[in-house]
Amino acid sequence: MTVWLMSANSKKYDHQRAFEEQGFIFWRQIRSFAKGDLIYIYCTKPIGRILYVAEVEETGIPLKSVLSDKKYYSDERQQKEGNYIKLSLRKTYKGSKLDAADLSKFHFIPPQGPQRINSKELLGYLEDSFEEGEDE
């Protein structure tokens, strides 16, 4: 299992609404994701923090199988050809940490594309924060 970090732009895709309504989102498969991988999702401005952790439930899904997802795009043309992954929501972070300033102690820079989390310290901090954030 690989743990990933990627950014989500709510101005392009309403991931919050998709997670609330479906419990999952489809994401374009541009890396070698595998079933069971975990993905921490950094929500770009105006949110500016990691809010979700999701699990890769399925990979290699063709575009024709995810067309129902169009309603979450601000512009349907942004849904591109290619394969998609299905990300099932594991947890939503409800705390007040996990923004870029808080994560800077781990040399965090909001990712431009999906990247593996190789820092055990950062991963431990994220796991602990998600556990604590459920009670805040």
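Based on Cα contacts under 8 Å between residues 6+ apart, the chain shows a relative contact order of 30 percent. Applied to the range 27-35, the Karplus parametrisation 6.51 cos²θ - 1.76 cosθ + 1.60 on θ = phi - 60° returns per-residue 3J(HN,Hα) values of 9, 4, 8, 10, 10, 8, 5, 10, 4 Hz, with x for Gly and Pro. With all protein chains in place and ligands, DNA and RNA left out, the 1.4 Å accessible area ranks Trp4, Trp27 as Trp27, Trp4, largest first. Only protein heavy atoms count here; on that basis, with a 1.4 Å probe, Arg17 has an accessible area of about 80 Å². If both residues of a DSSP beta bridge must be in the chain, then about 80% of such bridges are antiparallel. Overall, the anisotropy analysis places the range 30-86 in the oblate class: the square-rooted eigenvalues a ≥ b ≥ c of its C-alpha gyration tensor yield a/c not less than 1.5, with a/b not exceeding b/c. Taken over the alpha carbons of the range 52-136 as equal point scatterers, the Debye sum produces base-10 log I(q)/I(0) values at 0.14, 0.23, 0.25 Å⁻¹ of -0.68, -1.16, -1.23.
Note that the range 2-8 has calculated 3J(HN,Hα) couplings of 10, 10, 10, 10, 8, 9, 10 Hz, one per residue in order, obtained from phi through the Karplus relation 6.51 cos²θ - 1.76 cosθ + 1.60 (θ = phi - 60°); glycine and proline are x. 3J(HN,Hα) couplings calculated from phi for the range 14-21 with the Karplus curve 6.51 cos²θ - 1.76 cosθ + 1.60 (θ = phi - 60°) are, in sequence order, 8, 5, 4, 5, 4, 4, 5, 7 Hz; Gly and Pro show x. With 25 Å as the limit, the listed pairs Lys45/Lys97; Lys35/Lys64; Lys11/Lys80; Lys70/Lys97 have Lys70/Lys97 beyond it between alpha carbons.
From its DSSP helices (H runs of at least four residues, each -39,500 (n - 2.57)), the chain gives a residue-normalised ellipticity at 222 nm of -5500 deg cm²/dmol.
The values are calculated or read from the model by the stated rules, or taken from the named source; none is laboratory data. The shown structure was predicted, so the numbers you read here are calculated from the model rather than taken from an experiment. The area values use the complete protein model at the heavy-atom level, side chains included, leaving out ligands, DNA and RNA. Shrake-Rupley method; radii C 1.70, N 1.55, O 1.52, S 1.80 Å.
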